[in-house]
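The values are calculated or read from the model by the stated rules, or taken from the named source; none is laboratory data. Computed from a prediction, not measured in an experiment: that's the story for all the values here. Positions of Cβ are generated from backbone atoms using ideal geometry, with glycine treated the same way; all protein chains shown enter the neighbour counts. The accessibility values were calculated without ligands, DNA or RNA, using every heavy atom of the protein model including side chains. Shrake-Rupley method; radii C 1.70, N 1.55, O 1.52, S 1.80 Å.
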Amino acid sequence: MADSYSINNRHHLPKFIDMLKEVANIGAGNAATALSTLLDKKVNMRVPSVHIYTYQEVVEANGNDENVTVGGLSQVSGSLSSQLLLLMSYQNVERWIANLLQSQNEMFSSLYDHMEQSALAELMNMLTGAYASALGDFFEEPLFCSLPAISIDMSAALISDACITQSYDYDELLVIQTSMEIVEESKEELCHLLIFLDNHSLSEILKKCDG
């Protein structure tokens, strides 16, 4: 039965994508509200898009492979087991953290410093947690999200490390793309959220789509 609920079975994909768009929209809304409170600035968001990408397409979707990227990898446990990898450009994260520290009357120096690392962990935890909470609410099951492990590297390296962590060989990845804008700056902040699902969790989600 489990084999019939596979991402490779394209019969299930339309319902699967529609359901995750709903979940992603709630998660992005929660994240934008929390970010607005955290930065004390108005934050707008666009409706998230959901895609099934190959590994190479994920790298291409995140721009030039040699661009420095900030990644936050969280483990999600409970009734569904997954990993959440949030990818953001280094420049965007710098602006967000500088805004956050300014609101706390602190000076920004470098993302590699201790204070900035703490602020970055807080930001990443808020964003990944918003999506995990939305997914748990949708399935009416508690999900627990670990504190994100922060890495700064090229996007391809961050994606590869996430796959190696669980010793999975992902031919295709689920990608949620969210665009947020800090209104005063009139700049879009583009995030890519990759969800890595084990076979059991994927089967449960697809069964939910058929329910």
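Annotation: residue 36 fulfils all but one of (1) modelled with pLDDT under 80; (2) over 14 Å from the mean Cα position of the chain (by Cα); the unmet one is (1). Taking the range 137-167 as the range and being in a helix (DSSP H, G or I), under 23 Å from residue 48 (Cβ atoms) and either touching a Phe, Trp or Tyr at 6+ places or on another chain (Cβ under 8 Å) or β-branched (Val, Ile, Thr) (or both) as the test, the residues that pass are 159, 162, 163. When you scan the range 117-136, do you find a residue that is more than 18 Å from residue 35 (Cα to Cα) and either assigned to a loop (DSSP other than H, G, I, E, B) or in contact with a strand residue (DSSP E or B) (Cβ under 9 Å, 6 or more places away or on another chain) (or both), even just one? The answer is yes, given that some residue of the range 117-136 is more than 18 Å from residue 35 (Cα to Cα) and either assigned to a loop (DSSP other than H, G, I, E, B) or in contact with a strand residue (DSSP E or B) (Cβ under 9 Å, 6 or more places away or on another chain) (or both). Go through the range 173-199 and count every residue that is open to solvent by 20 Å² or more (accessible area, probe 1.4 Å) and modelled with pLDDT under 70. Residues in the range 173-199 being open to solvent by 20 Å² or more (accessible area, probe 1.4 Å) and modelled with pLDDT under 70: 7 in total.
If you go through the range 40-52 and keep only what is buried (at least 18 other Cβ atoms within 10 Å of the Cβ) and over 19 Å from residue 138 (Cα atoms), you end up with 43, 45.
Can you say whether residue 122 is open to solvent by 70 Å² or more (accessible area, probe 1.4 Å) and over 22 Å from residue 180 (Cα atoms), as far as the supplied structure shows? No. Inclusion of residue 83 among residues that are modelled with pLDDT of 80 or more, open to solvent by 40 Å² or more (accessible area, probe 1.4 Å), within 20 Å of residue 151 (Cβ to Cβ) and outside any helix (DSSP H, G or I) is not warranted.
Does residue 74 satisfy the criteria of being in contact with a Pro (Cβ under 8 Å, 6 or more places away or on another chain), surrounded by 19 or more Cβ atoms within 10 Å (Cβ to Cβ) and polar (S, T, N, Q)? Taking the combined requirement at face value, the residue satisfies it.
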